[in-house]
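The values are calculated or read from the model by the stated rules, or taken from the named source; none is laboratory data. The shown structure was predicted, so the numbers you read here are calculated from the model rather than taken from an experiment. Here the Cβ positions follow ideal geometry from the backbone for every residue, glycine too, while neighbour counts run over all protein chains shown.
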Amino acid sequence: MRPLRLAALGLLVFLPSFLLHARALFEPPADKRLLIIGQDLGAIGGFAAPNNDGYSNHFDLKPGGVTTYVSLPRLWGLTSKVNLWSGDVSAQGIVDNPLYAHSVLAIGLHIVDQEKKIAAGDEDDRVEMLARWIKAARRPVFLRIGYEFDGSWNHYDPPAYKEAFRRIVSIFRRLEVTNCAFVWQSCTSPVNGYQKKDINDWYPGDDVVDWAGYSWFLSTPKQIELTDKLLAFARAHGKPVMVCESAPQGYDLTKLTKRSLSKGKDPQTKTPEKIWAEWYAPFFAYIEKNADVIKIIAYINVDWDSQLMWAWPYRQGYWGDSRIQANPDLKARWLETVSSPAWLHASPSLFRDLDFLP
């Protein structure tokens with residue numbers, strides 16, 4: 001029997017990694033994490049003007065994924081370019097750009113005020129259109145259904161939200177869309193108001209959620225407290241975690257200032273070292289501390305103050321300028337951090353590393 005035993009061991013060497021080690025859909029290997037950049041064409045760069053001064057225009061390491069947004073019921077931002085006062089978005093434009101041929105796609109699916117219609121089946125045709133488009137993209141896609149479900153600004157009805165989430169997933173599965181992971185994202189927000197309910201109220205079920213996600217905009221004790229709760233939930237349910245949205249809110253990396261979050265007043269001058277110590281160092285330290293579950297990090301590389309939705313008079317709060325290339329010292333620190341072997345970027349082998357074979 002010895003030859004058979006050796007043959008079996010030899011076979012194991014050539015088996016796909018997902019047969020040897022159970023991982024969530026498109027979860028990076030245990031010692032790796034994936035970097036995603038967003039959240040509009042100008043932020044990620046690599047397009048014609050005016051979207052030619054983003055992340056990819058300033059870094060040789062191209063992002064392992066890019067973020068964009070699509071809304072139901074009209075599917076704005078899917079097959080054509082739109083701008084809803086917060087930068088150009090186009091999922092099709094990203095897929096058609098050779099620069100991102102080896103990058104995954106993270107889509108924030110906006111369903112505010114539509115959850116009851118979706119749950120009732122009234123938007124099935126639109127959901128099917130989205131499903132077929134994602135299937136044809138032939139790359140890993142992370143779909144954040146009703147992102148920041150517990151944000152008060154989204155005012156989702158928890159029972160309807162859960163049913164809408166489940167219905168969307170059921171349609172994707174019926175159409176055999178196997179290249180899409182479903183992300184359930186909490187806002188974990190210490191500011192702007194959030195619905196102070198148990199996140200269980202919004203949870204659609206382990207059978208339809210592939211990833212848990214959170215937003216991180218303030219490196220504060222309250223941010224850590226809220227995120228700790230989300231991570232505890234994810235661990236209890238056996239789900240890996242994506243940092244779906246992150247940016248140093250209130251900081252301007254070009255002007256090197258920090259302003260009040262509500263009205264953008266009282267600017268404080270900051271050195272690059274101080275900004276890194278106040279926001280980036282705690283952000284990355286939290287990821288390292290929780291490396292057992294945090295596997296994907298999406299950073300928003302945006303000049304918020306240049307976009308009408310976020311600009312003065314700051315009805316959405318003050319956000320600033322989070323373009324990491326805006327300051328050479330911060331850019332160098334960022335590059336030093338994400339250049340370590342633990343970080344996954346765009347490469348011909350990335351999809352295979354995520355156990356995706358088109």
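Is there any pair with a first residue in region 191-218 that is over 13 Å from Arg166 (Cβ atoms) and surrounded by fewer than 20 Cβ atoms within 10 Å (Cβ to Cβ) and a second that is among the acidic types (Asp, Glu) and modelled with pLDDT of 85 or more whose Cβ atoms are under 9 Å apart and which are 6 or more apart or on different chains, and what are they?
Hits for this filter: Tyr194/Glu148; Tyr194/Asp150; Gln195/Asp150; Gln195/Asp201; Lys196/Asp150; Lys197/Asp150; Ile199/Asp150; Asp201/Asp150.
Within the group Asp96, Asp60, Asp53, which residue is at pLDDT 95 or above and either crowded, with 24+ Cβ neighbours inside 10 Å or closer than 24 Å to Met129 by Cα (or both)?
Checking each option against the conditions leaves just Asp96.
Within region 59-91, restricting attention to residues that are under 24 Å from Ser349 (Cβ atoms) and assigned to a loop (DSSP other than H, G, I, E, B), which residue is nearest to the chain's Cα centre (by Cα)?
The selected residue is Gly64.
Within region 78-93, take every residue that is under 22 Å from Ile297 (Cβ atoms) and of a type in the set (A, V, I, L, M) and give me the one that is surrounded by the fewest Cβ atoms within 10 Å (Cβ to Cβ).
Ala91
Can you say whether Leu354 is crowded, with 18+ Cβ neighbours inside 10 Å, within 30 Å of Ser260 (Cα to Cα) and out of contact with any Asp or Glu (no Cβ under 7 Å at 6 or more places or on another chain), as far as the supplied structure shows?
no
Would you check if there is a residue in region 143-162 being closer than 22 Å to Arg235 by Cα and among the β-branched types (Val, Ile, Thr)?
Scanning region 143-162 turns up at least one residue that is closer than 22 Å to Arg235 by Cα and among the β-branched types (Val, Ile, Thr).
Would you say Trp312 is free of Cβ contacts under 8 Å to residues at least 60 places away in the same chain and in a helix (DSSP H, G or I)?
Criteria not met by Trp312.
Does region 273-290 contain at least one residue that is under 26 Å from Ser103 (Cβ atoms) and of a type in the set (Gly, Ala, Ser)?
no
Going by what's in this entry, would Phe182 be described as surrounded by 23 or more Cβ atoms within 10 Å (Cβ to Cβ) and of a type in the set (Phe, Trp, Tyr)?
Here the answer is no, as Phe182 does not meet what is asked.
Tally up the residues in region 321-350 that are out of contact with any Gly (no Cβ under 6 Å at 6 or more places or on another chain), surrounded by 19 or more Cβ atoms within 10 Å (Cβ to Cβ) and not in a helix (DSSP H, G or I), please.
Matching residues across region 321-350 total 4.
Kindly provide the set of residues from region 235-265 that are among the hydroxyl-bearing types (Ser, Thr, Tyr) and either touching an Asp or Glu at 6+ places or on another chain (Cβ under 9 Å) or surrounded by 14 or more Cβ atoms within 10 Å (Cβ to Cβ) (or both), ordered by number.
Correct list: Ser246, Tyr251, Thr254, Thr257, Ser260.
Taking Asp201 as meeting all but one of (1) part of a loop (DSSP other than H, G, I, E, B); (2) at pLDDT below 95, write down the number of the exception.
(1)
Limited to region 151-179, what total is found for residues that are surrounded by 19 or more Cβ atoms within 10 Å (Cβ to Cβ) and assigned to a loop (DSSP other than H, G, I, E, B)?
Number of matching residues: 4.
Can you tell me which residue in region 267-296 is nearest to Asp252 (Cα to Cα), limited to those that are among the charged types (D, E, K, R) and outside any helix (DSSP H, G or I)?
Here the residue is Lys270.
Please verify whether region 266-279 includes one or more residues that are surrounded by 14 or more Cβ atoms within 10 Å (Cβ to Cβ) and polar (S, T, N, Q).
No: zero hits.
Report every pair of residues separated by at least 6 positions or lying on different chains whose Cβ atoms are under 7 Å apart, first residue within region 41-58 and touching a residue at least 12 places away in the same chain (Cβ under 8 Å) and under 18 Å from Ala247 (Cα atoms), second assigned to a helix (DSSP H, G or I) and of a type in the set (Gly, Ala, Ser).
From region 41-58, the pairs are Leu41/Gly93; Ile44/Ser56; Gly45/Ser56; Gly54/Gly42; Gly54/Ala43; Tyr55/Ala43.
Could you please tell me which pairs satisfy a Cβ distance under 6 Å, a separation of 6+ or placement on different chains, a first residue in region 139-160 that is without any contact (Cβ under 8 Å) to a residue 40 or more places away in the chain and within 30 Å of Phe351 (Cβ to Cβ), and a second residue that is assigned to a strand (DSSP E or B) and not small (Gly, Ala, Ser)?
Ile145/Leu109
Among the residues of region 112-133, is there at least one that is touching a residue at least 40 places away in the same chain (Cβ under 8 Å), under 28 Å from Ala164 (Cβ atoms) and assigned to a strand (DSSP E or B)?
No, region 112-133 contains no residue that is touching a residue at least 40 places away in the same chain (Cβ under 8 Å), under 28 Å from Ala164 (Cβ atoms) and assigned to a strand (DSSP E or B).
Scan region 320-340 for residues that are without any contact (Cβ under 8 Å) to a residue 60 or more places away in the chain and of a type outside the set (Phe, Trp, Tyr) and report the count.
Result for region 320-340: 6.
Taking the residues in region 291-320 that are surrounded by fewer than 21 Cβ atoms within 10 Å (Cβ to Cβ) and among the charged types (D, E, K, R) as candidates, determine which candidate is farthest from Ser262 (Cα to Cα).
In this case the residue turns out to be Asp292.
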